Amino acid sequence: MQGMKYVYTVYQEKSFSAAARRLFVSQPALSAAVKKVETELGLLIFDRSTTPIQLTTAGRAYIEAAEQIMGIQKRLHTYVNDLANLESGALSLGGTNFYASCLLPPILKAFSDAWPKIRLRVTESDSADLFARLLTDQLDLIVDSGSYDKTLYETIPLYSEHILLAVPAAHPKNKTYAAARLTQTDIMAGAAKDAAIPSLPLTAFADAPFLLLGRGNDLYRRALDLCRHEGFVPQVRLYLNQLMTAYHMGRQGLGVTFLTDSLIKLSMPSQAMVYYKIQDPEATRPIFMAIHKNTYRTRAMQEFIRIGKQLYPDDALQNDCIPCSSK
């Protein structure tokens with residue numbers, strides 16, 4: 001099994017040197033171990049002529065089989081750990097940057113207080129990578145808001161959030177749309193759900209520079225759809241990796257952007273931005289916990305889900321929210 005672990009780490013790192021550092025072994029020892037596996041297999045697993053190294057056809061079959069074996073092993077270990085009545089075991093969790101930094105910590109704290117002997121590990125990444133890690137049992141559970149394959153994943157809803165157009169407060173057009181303009185205080189009071197407050201046609205700011213999240217983020221797809229439904233393509237000034245980065249760039253007046261009421265409520269008080277409701281189904285999205293559909297739902301997972309649902313009912317972020325400075 002050690003040889004399989006070494007091969008899989010090289011596959012993940014796409015480099016013998018990086019894999020050796022991760023495994024705390026010398027590169028010659030790692031190369032020899034991988035070569036031994038290839039000799040036993042009778043075929044090369046890696047094409048070493050490319051940079052980064054790539055899998056051969058036989059290598060792809062080996063990795064697929066290795067993931068199945070490791071999945072079986074993990075499910076066995078989690079089942080045995082369950083028998084220990086949550087006195088031991090581990091839980092691997094994941095989330096995009098915003099959810100991992102602002103929504104997961106209260107759940108982690110409550111869970112750790114209740115079950116201090118369960119080891120926790122948190123991975124931050126984009127939605128596509130998180131779901132891929134769920135599929136290969138590298139993660140037990142993630143918090144996300146993106147689209148997903150319902151045949152592969154099961155989701156547990158937490159609450160719904162609303163996407164708003166965020167505009168620097170100094171933008172001259174804000175005076176024209178005073179009736180629809182919202183402040184952070186308004187959002188904190190639940191104005192995003194108030195039907196009496198008019199929404200804004202995005203075409204009002206179609207000529208403004210936009211700050212958008214990059215590919216792989218659910219808000220990237222939704223932002224393009226929202227603009228397309230209004231009949232224009234946004235003029236993108238910057239593509240960014242994190243929602244909080246878009247917020248801070250917008251505060252500096254670099255462009256308009258799309259933010260969620262979750263982020264606005266959890267941000268430190270500021271009057272640098274104003275917000276507008278958007279009348280479009282794509283402007284509302286569910287926040288959920290997701291697990292691999294065929295995975296064994298351990299007691300630790302069940303407890304984490306229970307605590308998450310308890311802490312985040314649908315109106316959880318409406319009042320008494322914890323500011324997220326996101327430095």
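A prolate overall shape is assigned to the chain, the ratio a/c of its alpha-carbon gyration tensor axes (a ≥ b ≥ c) being 1.5 or greater and a/b exceeding b/c.
Magnitude of the charge dipole for region 2-70, about its Cα centre and with charges confined to Cβ atoms of Lys, Arg (+1) and Asp, Glu (-1), is about 240 debye.
Could you compute the FRET efficiency for Gln2 and Gln68, with r as their C-beta to C-beta distance and R0 at 22 Å, rounded to 0.05? Kindly include the intermediate steps, with their values, before the conclusion.
Details: r = 18 Å, r/R0 = 0.81.
FRET efficiency, Gln2 to Gln68: 0.80.
Inter-label distance, Glu230 to Arg22: 4.2 nm, where each label sits 7 Å from its Cα along the C-beta direction. Ranking Ser199, Ile264, Gly231 by Cα position along the charge dipole of region 180-277, where only Lys, Arg, Asp and Glu carry charges on their C-beta atoms, puts Ile264 farthest toward the positive end. Can you bin region 84-135 into rounded, prolate or oblate? Criterion: square roots of the alpha carbon gyration tensor eigenvalues sorted a ≥ b ≥ c, rounded for a/c under 1.5, prolate for a/b above b/c, oblate for the rest. The shape class here is oblate.
Can you give the FRET efficiency to the nearest 0.05 for Asn241 and Thr39, using r as the Cβ-Cβ distance and R₀ = 35 Å?
On the way: r = 42 Å, r/R0 = 1.21.
Using R0 = 35 Å, I get an efficiency of 0.25.
For region 86-158, trypsin sites (Lys or Arg not before Pro) meeting the loop criterion (DSSP other than H, G, I, E, B) and having at most 11 other Cβ atoms within 10 Å: Lys117, Lys150. Taking 7 Å steps out from each Cα toward its Cβ at Tyr79 and Ala204 produces label points 5.9 nm apart.
Neighbouring Cβ atoms within 10 Å as the yardstick, rank Met249, Met1, Met244, Met273 fewest first. Before the final figure, lay out each step's value.
Working: Met249 17, Met1 9, Met244 21, Met273 25.
In increasing order of surrounding Cβ atoms, one gets Met1, Met249, Met244, Met273.
Shape call for region 189-248 from the C-alpha gyration tensor, a ≥ b ≥ c root eigenvalues: rounded (a/c under 1.5), prolate (a/b greater than b/c) or oblate? Oblate, because a/c is 1.5 or more while a/b does not exceed b/c. Tell me which of Phe210, Gln242, His292 sits at the most positive position along the dipole axis of the chain, charges placed on C-beta atoms (Lys, Arg +1; Asp, Glu -1). Positive-most Cα among the choices belongs to Gln242. Could you identify which residue out of Ser270, Ser31, Ser160 has the top mean-square fluctuation in a GNM of the chain using Cα springs shorter than 10 Å? Maximum fluctuation in the GNM of the chain, among the listed residues, is at Ser31. Region 228-290 to region 76-139: how many Å between their Cα centroids? Using only Cα atoms, the two centres lie 28 Å from each other.
Springs between Cα atoms under 10 Å define the GNM used for the chain, and in it the highest mean-square fluctuation of Ile63, Ile156, Ile287 occurs at Ile63. If you take all other residues with their beta carbon under 10 Å from the beta carbon of Asp137, and give Lys and Arg +1 and Asp and Glu -1, the sum is +1. Let's see if you can work this out: charge +1 on each Lys and Arg Cβ, -1 on each Asp and Glu Cβ, no other charges. What is the dipole magnitude of the chain about its Cα centre, in debye to the nearest 20? That gives the chain a dipole magnitude of about 600 debye. Projecting the Cα atoms of Leu158, Tyr312, Leu130 onto the charge dipole of the chain (Cβ charges, centred on the Cα centre) puts Leu130 farthest toward the positive pole.
Any read-out appearing in this document is the output of simple, stated calculations on the displayed coordinates, not a laboratory observation. These figures come from a predicted structure and were not determined experimentally. Neighbour counts are summed over all protein chains in view; Cβ atoms, including those assigned to glycine, are modelled from backbone coordinates with ideal geometry.
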